[in-house]
1. Assuming Arg101 fulfils every condition listed in (1) within 19 Å of Met23 (Cα to Cα); (2) touching a His at 6+ places or on another chain (Cβ under 8 Å) apart from one, which condition is it?
2. Looking at (1) buried (at least 18 other Cβ atoms within 10 Å of the Cβ); (2) assigned to a strand (DSSP E or B), can you tell me which one Pro96 breaks?
3. For region 57-78, enumerate the residues that are outside any strand (DSSP E or B) and either among the hydrophobic types (A, V, I, L, M, F, W, C) or in contact (Cβ under 8 Å) with a residue 24 or more places away in the chain (or both).
4. Taking region 36-53, which residues are among the β-branched types (Val, Ile, Thr) and either crowded, with 19+ Cβ neighbours inside 10 Å or outside any strand (DSSP E or B) (or both)?
5. Of the residues that make up region 23-30, is at least one under 21 Å from Asp99 (Cβ atoms), modelled with pLDDT of 95 or more and in contact with a helix residue (DSSP H, G or I) (Cβ under 6 Å, 6 or more places away or on another chain)?
6. Restricting to region 3-35, and then to whatever is of a type in the set (Asp, Glu) and assigned to a strand (DSSP E or B), can you tell me which residue is surrounded by the fewest Cβ atoms within 10 Å (Cβ to Cβ)?
7. Which one of these does Glu20 not meet: (1) free of Cβ contacts under 8 Å to residues at least 60 places away in the same chain; (2) farther than 18 Å from Ile90 by Cβ?
8. Pick out the one residue from Ala81, Ala102 that is assigned to a strand (DSSP E or B), in contact (Cβ under 8 Å) with a residue 40 or more places away in the chain and in contact with a Ser or Thr (Cβ under 7 Å, 6 or more places away or on another chain).
Amino acid sequence: MSSWVQIAPGVKRRVAVDGEKLMVVEVRFEAGASVPTHSHIHEQATHVIEGQLRFRRAESPDVILEPGQTMHIPSNVVHSAEAVSACTVIDIFSPPREDFRAKT
């Protein structure tokens with residue numbers, strides 16, 4: 001497992017699995033912290049382990065995910081996330097995020 005990387009105020013991530021065709025990333029949010037609106041070529045699934053996470057996707061109503069719930073984000077869909085409460089989520093990306101890989 002890689003080291004923690006701060007990605008936004010109150011949000012950090014670490015790569016748990018870095019495979020050939022997918023990547024599993026643990027993300028921890030402090031209550032109220034958010035990841036700004038963005039998009040990427042990667043297909044993404046986000047699974048909430050603990051806490052509540054508000055997800056916003058372009059042209060869709062907001063969704064609040066709770067422990068045990070998972071959301072799919074297709075490639076290139078504009079989205080953002082905000083922690084309703086402190087939370088831990090697992091993000092799965094395919095293909096792997098080159099920008100998340102450790103620089104050697």
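1. Going through the list (1) within 19 Å of Met23 (Cα to Cα); (2) touching a His at 6+ places or on another chain (Cβ under 8 Å), Arg101 breaks only (2).
2. (2)
3. Quick first cut of region 57-78, residues outside any strand (DSSP E or B) only: 58-62, 66-69, 74-78.
Residues satisfying the conditions are Ala58, Pro74, Ser75, Asn76, Val77, Val78.
4. Going through region 36-53, the residues among the β-branched types (Val, Ile, Thr) turn out to be 37, 41, 46, 48-49.
Matches in region 36-53: Ile41, Thr46, Val48.
5. If we filter region 23-30 for residues that are under 21 Å from Asp99 (Cβ atoms), which is where we start, we get 23-29.
If we keep only those that are modelled with pLDDT of 95 or more too, we end up with 23-29.
If we keep only those that are in contact with a helix residue (DSSP H, G or I) (Cβ under 6 Å, 6 or more places away or on another chain) too, we end up with none.
No, every residue in region 23-30 fails to be under 21 Å from Asp99 (Cβ atoms), modelled with pLDDT of 95 or more and in contact with a helix residue (DSSP H, G or I) (Cβ under 6 Å, 6 or more places away or on another chain).
6. Initially, region 3-35 is screened for residues of a type in the set (Asp, Glu), giving 18, 20, 26, 30.
Filter once more, keeping what is assigned to a strand (DSSP E or B): 18, 26.
Working: Asp18: 16, Glu26: 18.
Checked region 3-35; the qualifying residue surrounded by the fewest Cβ atoms within 10 Å (Cβ to Cβ) is Asp18.
7. (1)
8. Working: Ala102 fails: assigned to a strand (DSSP E or B).
One residue alone meets the criteria, Ala81.
The values are calculated or read from the model by the stated rules, or taken from the named source; none is laboratory data. The structure displayed is predicted, hence computed values, not measured ones. All Cβ positions, glycine included, derive from the backbone under ideal geometry; neighbour counts span all protein chains shown.
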